[in-house]
1. For the structure I just gave you, tell me whether Leu220 is open to solvent by 10 Å² or more (accessible area, probe 1.4 Å), assigned to a helix (DSSP H, G or I) and aliphatic (A, V, I, L, M).
2. Looking at Tyr333, Tyr322, which is the one that is of a type in the set (Phe, Trp, Tyr), modelled with pLDDT under 85 and buried (at least 22 other Cβ atoms within 10 Å of the Cβ)?
3. Grab the helices (runs of 4 or more DSSP H) fully contained in segment 86-193, keeping just those with 3 or more residues being among the charged types (D, E, K, R) and on the phi < 0 side of the Ramachandran plot.
4. Report yes if Ala344 is buried (at least 20 other Cβ atoms within 10 Å of the Cβ), at pLDDT below 85 and small (Gly, Ala, Ser), otherwise no.
5. Which residues, counting only those in segment 21-56, are under 21 Å from Trp118 (Cβ atoms) and either surrounded by fewer than 23 Cβ atoms within 10 Å (Cβ to Cβ) or at pLDDT 90 or above (or both)?
6. Is one or more of the residues making up segment 55-72 closer than 21 Å to Ser142 by Cα, touching a Phe, Trp or Tyr at 6+ places or on another chain (Cβ under 9 Å) and in contact (Cβ under 8 Å) with a residue 60 or more places away in the chain?
7. Kindly provide the set of residues from segment 76-121 that are open to solvent by 40 Å² or more (accessible area, probe 1.4 Å) and within 17 Å of the chain's Cα centre (by Cα), ordered by number.
8. Return the residue satisfying two criteria in turn: it lies in segment 255-273 and is modelled with pLDDT under 90 and more than 20 Å from Met137 (Cβ to Cβ), and of such residues it is nearest to the chain's Cα centre (by Cα).
Amino acid sequence: MRHTLAALAALLLAAAVLLTGNGLQGSLLAVRANGEGFALIEIGLMMSAYFAGYVAGCRLIPAMVKDVGHIRTFTAMASIASAAALAHVLLIDATVWMVLRGITGFCFAGLAMVIESWINEKATNANRGRVLSIYRMVDLGSVTIGQLLLTLADPGAFALFAIVSILISMSLVPVALSTAPTPRPLQSVNLDLRRVYRISPQAAVGSVLTGLASSGFWALGPVFAQNLGNDTKLIAAYMGVTIVSAAAAQWPLGAISDRSDRRVLVLVVTVAAAGAGALLWTMADESPGWMLFGGALFGAFAISLFGMLLTQANDYAQPTEYVALNAGLLLLYGLGSIVGPLLASQSMQLFGTTALYA
């Protein structure tokens, strides 16, 4: 286990810096768009555009990895994502932002694909749950820090967009300087969703539905808290406590999954996640305390699900299938996530703010 983590240290550091920037960017754009008077449907479409780009990336980037390798792909995608972050402040327009979010989604699909396939190649079936739980802790912990950075400056100014770009660019340094062996070159880049389904029906179907259910939080969580009358600090606290809870749940869930039937554990966590959503739907507008408590439960269970599905599927894959399998599951997650923000924004428009979690 220690040897595996040592081999992945540079990659995990790069992921931490990268995802801090992306975490800040997601909340910053939602709050800034709401402040600029964008309609809820436009904010929802921005996140749907992100996942449309994500899906396109899952489809196209495996061929890029095959042709130029993992590190060059990571470098190219991080550079483009950094430039896109700055481009948002050049023109405050909903259509332009949708295009930029699509570009960002395309890039982050490639970045996630490289990171997760690299991790899966180094892990074994005996420690995969714990290794991936550490990665998810890094992921969610970094996103939490990103939420807290929202309080450093006015979302209506330039500084936070610059911070996003700097963080994404700096994620290149650990990967470029790492002496750890890179994953084996890809022999095939065929994205066969039928093969993904055969490897793990639960992960294939669950990825679509998890994307559908959780993307509303990522797209409209800050707007949800803002429209309940909370200030920027409480918005950041709500997003932060939700994601911190998700990060804190990763290790125990990963350890349990290494010692039990992962399929049964996914079922238990799914039921708990649905209960957390129901609590937020019915009680979040009663007080900030209920909002934060419900967010903590939702983070611990709902946001943990996709990582658990990835772990379960990779148990049944060959090492040469890791990139294609992870690309397929990310694509399926992305397909659900395209629809999720649209349904969430319309639910909020028709039935009120808390209907985000209905």
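The values are calculated or read from the model by the stated rules, or taken from the named source; none is laboratory data. Note that the structure is predicted; figures quoted are calculated from it, not measured. Positions of Cβ are backbone-derived with ideal geometry, glycine not excepted, and every protein chain shown enters the neighbour counts. Protein only, heavy atoms only, side chains kept; ligands, DNA and RNA dropped before computing areas. Shrake-Rupley method; radii C 1.70, N 1.55, O 1.52, S 1.80 Å.
1. Numbers: open to solvent by 10 Å² or more (accessible area, probe 1.4 Å): no; assigned to a helix (DSSP H, G or I): yes; aliphatic (A, V, I, L, M): yes.
No, not satisfied.
2. On the way: Tyr333 fails: modelled with pLDDT under 85.
On inspection, the qualifying residue turns out to be Tyr322.
3. On the way: elements: 94-122, 128-149, 159-170, 172-177.
Once the helices (runs of 4 or more DSSP H) in segment 86-193 are filtered for at least 3 residues that are among the charged types (D, E, K, R) and on the phi < 0 side of the Ramachandran plot, what remains is 94-122, 128-149.
4. Taking the combined requirement at face value, the residue does not satisfy it.
5. The answer is Gly21, Asn22.
6. The first filter runs over segment 55-72 and keeps only residues closer than 21 Å to Ser142 by Cα, leaving none.
No; the residues of segment 55-72 include none that is closer than 21 Å to Ser142 by Cα, touching a Phe, Trp or Tyr at 6+ places or on another chain (Cβ under 9 Å) and in contact (Cβ under 8 Å) with a residue 60 or more places away in the chain.
7. The answer is Ile103, Phe106.
8. The residue in question is Arg263.
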